[in-house]
Every structure is written in structure tokens, then in C-alpha cells.
1. Excluding Ser78 itself, calculate the net charge of residues whose Cβ lies under 9 Å from the Cβ of Ser78, where each Lys or Arg counts +1 and each Asp or Glu counts -1.
2. Could you please report the charge total around Asp89, scoring K, R as +1 and D, E as -1 over all other residues with beta-carbon less than 12 angstrom from its beta-carbon?
3. How do the peptides 188-195, 33-40, 69-76 rank, highest first, by the average count of neighbouring beta carbon atoms within 10 Å per residue?
4. Accessible area per residue of region 97-229 at 1.4 Å probe, in Å²?
5. Once amide H atoms are placed 1.01 Å from N in the peptide plane, what residues at a sequence separation of 5 or more from Ser78, or on another chain, have their amide H within under 5 Å of its amide H?
6. Show me, for region 148-153, the HN-Hα J-couplings you get by feeding each phi into the Karplus relation (A = 6.51, B = -1.76, C = 1.60, θ = phi - 60°), rounded to Hz, glycine and proline as x.
7. Only one of the listed values, (1) 111; (2) 156; (3) 130, was derived from the coordinates as volume of the Cα convex hull per residue in Å³; which label is it?
8. Asp117: net charge of surrounding residues, Cβ under 13 Å, Lys/Arg +1, Asp/Glu -1, itself excluded?
Amino acid sequence: MINAVQSVFDFGAQPQHTFEQLVPGANAVALGLVMRVTEGVGEPQLYFWGAPGTGKTHLLQAACQRMGSHGLPAAYLSLAEALHPGVLDGLEQLGLVALDDIQAVMGQGGWEIALFDLINRLREQQVPLLLAADAPPAMLAVNLADLASRLSWGPVLRLEALDDAGKREVLRAHAQERGMELPDEVIHFMFAHLPRGLPSLLAGLEQLDRASMERQRRITLPLAREVLS
């Protein structure tokens, strides 16, 4: 469904996934390339790969949000959640297409043909394409040789996970967006008592925010101990 305000096909996109909320860390080059795409001067195709939590989804969704803010229709779609290759039909009519989790459909004939055809149509219509997967093109289980070559038509970049300093920056940014005061001692407690992955830390921040509102209390170390221990 098209978001009437941002002209974005969201397909599960998170509104907080914007460039402003993205801490690049070691991925500054990737961020710069994607931002150029949204300015209409970038590469026609970019491929990103990395482990979960390296920011692939955020990067793709932020590009769609930025295009939408310019009044240009964009599509974000996770192929791990897509039900049928027919969802790729007609995407060449948009201003940007971002396909996540493409490894989920590799080896499936119908999907491979549909993706191959879409890449060709996008190139013909000069519509930029962002692709993301958990491995580089050469390591995907692709059966269609022509598709394998097209996945590498543009730059292929590996995304790296944020270090702890970057994750702290993300927590502070998300807290600020929510109007929360997040003391350093609470962040330290979160790192000591929660899994270090960014999804777990952000889930902990969500718990603290809910508890703070429900109990009408500021976020302090005692509250963090009650909620997160």
C-alpha cells in the first residue's frame, strides 16, 4: 500500500528508519553511496551484505523514506516475507526499489526469473535498485546464471556491525527522539545485562520507555534494575 504522505510502498518499513537515525560507524561509504542514489546522482544498482544487525534494513528503508520525502514513490520489500514473485511486477514504474533478504528466494525458479526480469526492467527504465542479503552474490545459492551476473552489476559492499560506541550513540538518538532522558549509568547497565546486539538493546529501551510512562517515573538506574534485570 502507498503511504499517501511519503509516497512509499512500506511493506513493513519502520518510520524511524531514517538517515537521521542511522549511525554509520564503519559503513560511512555505504551510507554516502545510498544518499547519492536518493539525490538522483548515484549508482544505478548497489548490493549490500552482512550479518543480522549490520544495518542493511535500516539503510534500505531510510533510502525509501528519503525518496518519499521528495515526493517520489519508492518500494521497500523483504523477500523473506513476500508471498509470491508477482509482488515484483510493475516496480519499474517507481523512483527507487529496495529489496531486502534476497537470499531467502535464491534457488527458487519462479523467484529467480522474476528478479532477473525486474533487474532488467529497472535498468531499462533507469530506476535505481538497492539489494541486501546475508552474503555476497558469489556465495548465494543462485541457479540462474544470468541472475548471478546481474546481482553484481553494481558495487558490492559489506556492512559491518557497530562497535559499542556506535550502539551507545544509537540508543541516545532513539531516546532523544522519544523525549527520554537516558543517563550514562543506565546505558552502562543495559550493556552489562542485555545481549550486546542492537535489536536487544533497542528492545530494552522500549521496555524502559513503557515502564517510565506506566509508572510515571524518570528513567533511572533503579528503574532499569527493576525492568531489565
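The values are calculated or read from the model by the stated rules, or taken from the named source; none is laboratory data. None of these values were measured; they are calculated from a predicted model. For neighbour counting, all protein chains shown are included, and Cβ atoms are generated from backbone atoms with ideal geometry for every residue, glycine included. All accessible areas refer to the heavy atoms of the entire protein, side chains included, with ligands and DNA or RNA removed. Shrake-Rupley method; radii C 1.70, N 1.55, O 1.52, S 1.80 Å.
1. Numbers: positive: none; negative: Glu81, Asp100, Asp101.
Taking every other residue near Ser78 into account, the sum is -3.
2. Values: positive: Arg121; negative: Glu92, Asp117.
Around Asp89, the surrounding residues sum to -1.
3. Details: 188-195: 14.5, 33-40: 18.1, 69-76: 19.6.
Answer by packing, highest mean first, reads 69-76, 33-40, 188-195.
4. Numbers: 6770 Å² over 133 residues.
Per-residue value: 51 Å².
5. Counting only residues 5 or more places away or on other chains, the set is Asp100.
6. 4, 5, 6, 5, 9, 5
7. Structure-derived value, by its label: (3).
8. Details: positive: Arg121, Arg123, Arg150; negative: Asp89, Glu92, Glu112, Glu124, Asp146.
So the environment of Asp117 carries a net charge of -2.
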